Amino acid sequence: MENNLKIKYSNLFVLDTPFNKNDLLIPIILIFYNYQYFEEISFDVFDSFKKENYALIIDNLTTIFDLKQLLNNYSSEKLNRESNFFVSFENNFDINSYNDSMFHFGLIVKEFNAKIQVKVVYNSKRYSELSIKGVINNLKYLCEMSFSNEIRISEISVLSEIEYSRVKKFFKSKNNIEAPISLAEMFYNMTNLNPDKIAISDGKNINITYKNLNRLTDYYAQEILNKTNDLKANIGIYFKDEIKAVIAIFSVIKSGQCFVLLNSNNPPQRTNYMLEDAKIDILLYDDNIIDLNCNFTIQIDIFHSIPKTIFNSKQISSDLDNPSYIIYTSGTTGNPKGIIISQRSLSIIINWFINYFPLDSSIKSLHVLSYTFDFGLYDILSTVLCGGTLYIPNKRSLHGYTEYCNMINNYKINNLCITPSLCNIITSADILMESLKIIHIGGEILTYEMIEKYKKVIRKDCKIYNGYGPSECTIGNSIYEVTHLKNNSSVPIGFPNGNSIIFILNKYKKILPIGALGEICIAGEGLGMGYIGNIGALKTFCSNLEGGIYIYESGDLGYWNDEGSIQYVKRVQQDIKINGYRVDILEIENAIQSYPIIKECCVIANNTKGITYLIAYVITDLDINKEEKKIKRYLKDFLPQYMIPVKFIKVDKFPVTNSGKVNKKELIKIINR
């Protein structure tokens, strides 16, 4: 703690203090508020102050604590060992609230009569009194810990008992599913209740009732069992036609086997890797598979006569601990990695969401996402298994995204599962869609600015929900209902759902207080079974949580807010480096989108001959070539020069992937043409 460096920059004061996880916690406690890790805090701070082996004690914008004066009379050794030095907190915390404080949060600390006295000053526009009291409770606890124990930073819990009891209430869903039934049983229940109701439609010529869907899936389920000899098998789902993909998925569910979601738009080499990696026994398909390596195939056909099949569902094992599906995501090794999800996990999340909204036979959903995206899979399962009608347009025959708006109005669609990128495109048509009652959004960051645009084309009582969940943890782990607009840039990702347990942890897997930035870690019954070929890599065992529990470390940063919902911030590794400076793409996009003429923006880091530079793709009505210099001048008030894109490119719309997210690979091709 010696040789503390005090830097002044634009009326901000920094205490730049080197220490590591093995340092003893000293009595001069720095409040670790809205921090990422003890050893490194590099969030919304001038880059000249960012040093990976230092700790910057800040709030998540500009607050810097100047504690140097406290060291003028006492060395760290003296403070640690002087027996007559103690801290008294009775009536010593003087809390003052200022509406226009120069700092968002600050401490005035002084020594008086062998006591440390602390005055807290905070901006009431930014922090609630409840948040500040939580900080004070934790400060008291840390000081008491430091005097009673020689404890190292890596060993401390930063939560007092009072604050732990408060944050503990946020970990779990309030309405767990205690005894989930299988998806096959749910399907049979809907068939018995609604035999003549339309289950799947393309809005034109194809209308499949629940009775006919049951007949089709019985037939193909029996075909699967005939080829597998009733043994457990992995069944590939490989389709261009989403209606046939739905039939294939429910056929596999009925057969009790595990389906593997394969994207027909992938290169054959990538698909063949998945076929081999997942050891796929049978491939269900609808089109040419000449370049694929699979011994057994079944072609799904809905137009030819299907013989009546006597399918005995009781012959199928109802063990919910068996695998349900495998979904592939990008892997760090260069090859995709397959995530195994159990039947129990899938059944719980589908049952939970059906009960939560709630969804029933009046639901009419427009399927705009791919079945190979787990959010798209949820859209399929939740609609059919609640007895609703799933409208699946033929995307190859669509002439533009405005046709989605027309389908919503023509078929009275009232439920929409969609990503922000796709929702931005559809709502930009400015076509009123009054039939929508539920919009369930997920997959990307959702902002209040986007919500404001959506509300212009939907009815006032349409409910908008923001969901979050890594593929490793079964579709969705938190949900947030957007009840009113706020000034925050992004919408919270909400509260735990579907038997999920969510923690916000620091680097040492310690639970963090409300408002403290840490990694979003997920536990509970939604946790995947593992990765193909590396089962144990998905989960980490934490003995200090809930008496010992497995968690998935998401790589996402967030924090609890006062109401108990989670505010997503960014990926841990979202930063890139430009000329040695760490850059957060999201920060740049937010700055560009604040410029009046910019409707939407996507910033990409490109690399040419070893030089990394930024390109901004924007949607605007004006000529970007004429506006580019003005935009760059505007950005200089918000961003350092190295964070300003070198080139601005106008696009009519952002290309999207099958999962509905912005296709950055396609955007990069524009600059390379």
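Derivation of every value follows stated rules applied to the coordinates shown; laboratory data play no part. Given the structure is predicted, the values throughout are model-derived calculations rather than measurements. So basically every Cβ, Gly included, is an ideal-geometry build from the backbone, and we count neighbours across all protein chains shown.
Maximal additional length on extending the residue 362-residue 288 stretch stands at 22.9 nm, based on 0.36 nm per residue less the C-alpha distance.
Computed over neighbours whose Cβ is under 13 Å from that of residue 307, the net charge equals -1, Lys and Arg +1, Asp and Glu -1. DSSP beta bridges fully contained in the range 192-276 are about 35 percent antiparallel. In this model, which of 119/453; 254/456; 455/570; 279/570; 364/653 are farther than 32 Å apart at the alpha-carbon? Going by Cα-Cα distance, 119/453; 254/456; 279/570 fall outside the 32 Å limit. Of the cross-linked pairs 174/486; 460/486; 197/395; 227/661, those separated by over 27 Å at the C-alpha level are 227/661. A quarter of the convex hull surface defined by the alpha-carbon atoms of the range 431-493 gives 4.4 nm² as the mean projection. The shape of the range 311-421 comes out oblate: with a ≥ b ≥ c from the C-alpha gyration tensor, a/c is at least 1.5 while a/b does not beat b/c. Here is the list for the range 606-653: chymotrypsin sites (Phe, Trp or Tyr not before Pro) lying in DSSP coil, each with at most 16 other C-beta atoms within 10 angstrom of its C-beta, are 638. Pairs of Lys residues in the range 591-643 that lie 8 or more places apart, or on two chains, and have C-alpha atoms under 22 angstrom apart add up to 6. Taking the DSSP beta bridges with both ends in the range 591-654, the antiparallel portion is around 70 percent.
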